[in-house]
Structure formats: C-alpha cells, structure tokens
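Remarks on the structure that follows.
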Amino acid sequence: MTTARRILFPALLLGALALGGALWWWLTRPLPPPPEPALLLTPARFSDLADWTRSDPRPALDAFARSCALLARRPAEEPLGRDPAFGRVADWRGVCAALAEPAEDAERARARIEAVLRPWSASDRGEPYGLFTGYFEPLLEGSRRPDPRFPHPIHRRPEDLVTVELGRFDPTLEGRRIAGRVERGRLVPYYTRAEIDGGALAGRGLELAWVADPVALFFLHIQGSGRIALAEGGQMRVGYADQNGHPYRAIGRDLIEMGELPREAVSMQAIKAWLAAHPERTSELLHRNPSYVFFRELDLPPDAPGPLGAQGVPLAPGHSLAVDRRFVPLGVLLWLDTTAPSPEGEQPLRRLVVAQDVGGAIRGPVRGDLFWGAGPQAEYAAGHMRSRGRYWILLPAGLDPRPRARRDRVARGDPRSHFRARGSGPRAAARRRPRASTCRPPARPRS
C-alpha cells in the first residue's frame with residue numbers, strides 16, 4: 001500500500017464516521033413541540049353559510065333561550081366566557097331580548113338573527129376543518145336496590161375525592177386540573193376503574209343505582225348522562241357529577257392496535273359487538289380505560305328534552321353542541337356545517353346549534369360533539385358520527401373580538417386582522433401578553 005493510500009484510507013474512514021454521526025444526530029434530535037392550538041376568528045357574512053337561507057333556526061333559538069335565562073342572574077359587566085374577547089353579559093342580554101319572542105316562521109327567525117348577530121369563521125391557526133362526533137342519552141335496565149339481576153353499581157361522588165385547579169397555585173397551569181385522595185397528608189391518585197370495579201368503594205353507601213349490563217354502564221360513563229328504567233317502576237335520570245382524575249383511554253383505539261378491528265370499522269356499535277362476542281375479555285378491555293365517572297340523580301321534569309349539560313340547562317337533541325371552552329364560551333350560537341351518518345350514507349348536516357356542553361375528548365378550537373337525544377336513532381347517529389366539518393360563531397353585531405391593534409390592520413388590509421385565542425399551558429402562558437385571552441379545558445370526560 002502506497003503512502004498516499006495509507007493516508008487516504010483513514011481520512012475516508014473518519015469522514016464516513018463523521019457523516020454517520022451527523023446523520024444519527026439529525027435522525028435522533030429532539031423535535032420542537034407542536035404549536036399550541038389557537039382559535040382564529042375571521043369576519044364573515046350570512047351568505048357564506050351554506051344552506052342558511054333554507055334552514056329553520058327556531059329549534060336552536062328555543063335552546064338558546066334556556067342559555068339566556070342564566071344571564072339574567074349574572075352581573076352585566078361580567079365576561080360571557082373565560083375570554084373577555086367574546087363580550088360581556090350585557091352585550092348578550094340585548095341579543096337574548098331580540099330573539100326571545102317566538103318567530104312565526106323560519107324566514108322571520110333568520111331575519112331576527114341577522115339583525116343582531118354577525119358570523120365569524122372559526123379556524124385552528126387557519127385550518128377551518130375539525131372533527132365532529134356525537135353522543136346520546138342511553139337507557140339502561142336497573143334498580144335502586146342491589147339485586148342478583150342488577151349487580152353493577154352506579155356511584156355517587158365520593159367525599160374523599162379531592163379536585164385541584166392547578167391554576168390557583170401557578171398561573172402557567174391555568175385550566176389544568178388533577179384529582180386524587182389524601183393519604184398520610186399527601187395527595188395520591190384516586191382509585192382506577194379496575195380498582196373501583198374490584199370493590200375499592202364497596203361498603204361506603206355510594207351506590208346511586210344498580211344496573212344489569214357492565215358494557216352499557218361503561219358507555220354510560222362515556223356519554224356522561226342517561227336514564228335508568230327501574231325495576232320498581234318509572235325512570236331515573238342521572239348526570240355527570242365528577243371524575244376520578246385518570247385520563248380517558250379510548251378502547252376503540254386499543255382494538256385497532258390489537259388487530260381486532262380495522263380503523264374504518266370502529267364505532268360504538270362495533271365495539272359493543274366485539275365485547276358481546278368476547279365476554280371472557282370484557283373486563284380486561286374495559287379496565288384499560290382507568291377513567292371512572294361519578295353520577296348524580298337529575299331532578300328534571302319528565303318532558304325535559306335532554307339531560308343537563310355543562311352550562312346547567314337541559315340539552316336540545318340535534319341542537320346542543322359540546323365544545324372546548326378554552327376557545328368557545330358556553331351559550332353562544334354557532335352555524336355547524338358537517339355531515340351526519342345514516343344507513344344510506346353520510347348526509348349533509350347544516351344547522352344552527354348552541355354551545356351548551358363540554359367533553360374530556362373535545363379538545364381544540366374546531367371540535368364538537370353533537371347531542372342526538374335518546375332512542376335507537378340517536379344511538380345510531382352518535383355511535384357512527386365521526387365527521388369532518390367546520391363552524392361559524394355568531395357574535396353580537398356591535399362586538400369585534402379583535403384587539404384594537406388588529407382592528408386597525410383591517411383598514412390597511414393586513415391579513416393578521418383576525419382574532420386569536422390560544423389554549424392554556426406553560427408554553428402558551430409564557431408567550432401570552434397580559435391582555436391575551438386565557439381559557440380553561442373541559443371538565444367532563446367523554447369520547
């Protein structure tokens with residue numbers, strides 16, 4: 001080997017090692033965190049809303065009137081939601097008064113809305129489309145007393161469940177919540193679903209009712225409310241009271257990862273069918289989700305259209321939407337443009353709805369969960385709905401949610417003239433100016 005070759009070979013080897021090291025660093029380098037979700041609101045016109053002129057907004061206005069009734073008990077200068085950009089209670093009282101009188105027909109109802117509200121297109125950093133799912137009010141067979149036919153308890157909220165709003169201790173954790181129990185002076189995680197099903201709460205008198213089917217009870221936890229057909233006669237309505245603090249885990253995703261169901265086939269009905277075909281694996285699969293919901297009996301008249309939502313008013317089937325209230329305040333009207341499942345295939349779903357509920361899985365600026373009501377048709381729609389869609393938020397005509405600096409950009413044609421509401425969290429809080437919006441996450445776990 002010549003001298004040149006003896007020198008060249010080590011040089012090439014060192015170069016290859018350096019190149020390999022650089023490539024390894026590039027492939028294994030820590031990636032920057034994804035950007036925080038941000039609600040962008042852009043001015044729109046009613047003519048931008050597909051099928052607006054053919055819609056009948058009166059059912060949504062009936063639901064809106066129930067939300068308006070709550071405003072009468074709130075201070076006029078209080079912000080409507082957690083972000084002051086959506087106006088004060090006083091701004092919305094005028095809207096409520098203008099829309100309170102029942103309209104004779106759909107055309108007059110639309111005209112009244114157009115006189116006092118303006119649509120704003122919602123997007124997540126410019127992406128207007130998001131995921132829309134559905135939920136319903138299930139009916140279970142049960143009893144107020146334990147019985148061999150009804151061995152599975154529905155629990156009240158335990159007195160030793162401690163919930164902590166972390167934002168009260170650290171502003172950068174605004175909107176975050178944990179739950180647990182105190183053990184030897186320390187807060188520890190609360191019992192999981194498996195532990196509670198194993199008897200962790202037995203003997204404490206927490207049983208609100210007893211039901212026959214553990215799978216139906218599991219899905220009651222997911223829906224957050226339901227009816228119990230009592231063996232003693234009559235029905236009991238139950239609603240969400242609290243949650244054990246453990247994160248919700250979707251067992252449908254587990255079935256996909258286990259190779260038991262293809263992704264495109266996953267629905268509530270498909271999961272129930274799999275569980276019915278594999279009774280020996282039911283507990284194993286259900287216990288993969290550590291989240292556990294506690295309930296309370298709802299004192300509602302028999303003709304109430306639905307259970308109580310997070311806003312504290314009965315939900316309207318087909319017209320109440322669960323949202324992420326970090327971004328969308330409860331009580332506002334939205335124009336929803338998505339699709340709904342049917343045996344004949346997906347059908348357009350364009351209608352006026354009211355933000356009246358929340359859900360633990362409802363996270364993001366453009367994300368919604370539509371309440372379908374009760375009965376087989378509602379169960380079908382809720383179980384199969386997983387649709388791409390968007391919405392417009394209707395705000396009082398005199399309200400501009402954009403800060404003054406952005407309003408000034410409108411005159412200059414600056415594209416940054418939209419309103420932006422960021423999510424909560426350490427990174428968001430660190431870069432948030434004092435006047436920027438701060439919103440909270442939903443409290444109610446549901447798929």
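The values are calculated or read from the model by the stated rules, or taken from the named source; none is laboratory data. Just so it is clear, the structure is predicted and the values come from calculations on it, not from any experiment. Neighbour counts are summed over all protein chains in view; Cβ atoms, including those assigned to glycine, are modelled from backbone coordinates with ideal geometry.
Let me spell it out: the conditions are (1) in contact with a helix residue (DSSP H, G or I) (Cβ under 6 Å, 6 or more places away or on another chain); (2) at pLDDT 95 or above; (3) buried (at least 18 other Cβ atoms within 10 Å of the Cβ); (4) over 25 Å from GLY375 (Cα atoms), and GLU174 meets all of them except one. Which number is the exception?
(2)
Counting only residues that are outside any strand (DSSP E or B) and modelled with pLDDT under 95, which one in segment 366-377 is surrounded by the fewest Cβ atoms within 10 Å (Cβ to Cβ)?
PRO376
Within segment 106-118, is even one residue modelled with pLDDT under 95 and acidic (Asp, Glu)? First the steps, then the outcome.
We begin by selecting, within segment 106-118, every residue modelled with pLDDT under 95; these are none.
The answer is no; no qualifying residue exists.
I'd like the residue in segment 61-85 that is part of a helix (DSSP H, G or I) and touching a helix residue (DSSP H, G or I) at 6+ places or on another chain (Cβ under 9 Å) and, out of all such residues, is surrounded by the fewest Cβ atoms within 10 Å (Cβ to Cβ).
Only one residue tops the list, namely ALA69.
Being touching a Pro at 6+ places or on another chain (Cβ under 8 Å) and either farther than 21 Å from PHE295 by Cα or charged (D, E, K, R) (or both) is the filter here, so list the residues in segment 242-258 that pass it.
ARG249, ILE256
For LEU80, state whether it is of a type outside the set (Lys, Arg), touching a Phe, Trp or Tyr at 6+ places or on another chain (Cβ under 9 Å), more than 29 Å from GLY389 (Cα to Cα) and in contact (Cβ under 8 Å) with a residue 60 or more places away in the chain. Steps first, answer last, please.
On the way: of a type outside the set (Lys, Arg): yes; touching a Phe, Trp or Tyr at 6+ places or on another chain (Cβ under 9 Å): yes; more than 29 Å from GLY389 (Cα to Cα): no; in contact (Cβ under 8 Å) with a residue 60 or more places away in the chain: yes.
No; evaluated as a whole, the condition is false for this residue.
I'm checking my understanding of the structure. Among residues of segment 253-309 that are hydroxyl-bearing (Ser, Thr, Tyr) and not in a loop (DSSP other than H, G, I, E, B), which one is nearest to PRO189 (Cα to Cα)?
SER283
Filter segment 102-160 down to residues that are surrounded by 19 or more Cβ atoms within 10 Å (Cβ to Cβ) and among the aromatic types (Phe, Trp, Tyr) and give me whichever is nearest to TRP92 (Cα to Cα).
TRP120
Table: residues versus (1) among the basic types (Lys, Arg); (2) surrounded by fewer than 20 Cβ atoms within 10 Å (Cβ to Cβ); (3) closer than 20 Å to PRO151 by Cβ.
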position	(1), (2), (3)
TRP210	no, no, yes
ASP213	no, yes, yes
ILE222	no, no, no
GLN243	no, no, no
LEU255	no, no, no
ALA265	no, yes, no
ILE271	no, no, no
ALA276	no, yes, yes
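From TYR240, TYR248, grab the single residue that is within 24 Å of TRP372 (Cβ to Cβ), in a loop (DSSP other than H, G, I, E, B) and at pLDDT below 95.
Only one candidate qualifies: TYR248.
Scan segment 177-206 residue by residue and report those that are of a type outside the set (Val, Ile, Thr), surrounded by 13 or more Cβ atoms within 10 Å (Cβ to Cβ) and in contact (Cβ under 8 Å) with a residue 24 or more places away in the chain.
Restricting attention to segment 177-206, the residues satisfying the condition of being of a type outside the set (Val, Ile, Thr) are 177, 179-181, 183-187, 189-191, 193-195, 197-206.
Pick out the ones that are also surrounded by 13 or more Cβ atoms within 10 Å (Cβ to Cβ) and you get 177, 179-181, 187, 189-191, 193-195, 197-198, 200-201, 206.
Once the filter is applied, which keeps residues that are of a type outside the set (Val, Ile, Thr), surrounded by 13 or more Cβ atoms within 10 Å (Cβ to Cβ) and in contact (Cβ under 8 Å) with a residue 24 or more places away in the chain, segment 177-206 yields ARG177, ALA179, GLY180, LEU187, PRO189, TYR190, TYR191, ARG193, ALA194, ASP197, LEU201, LEU206.
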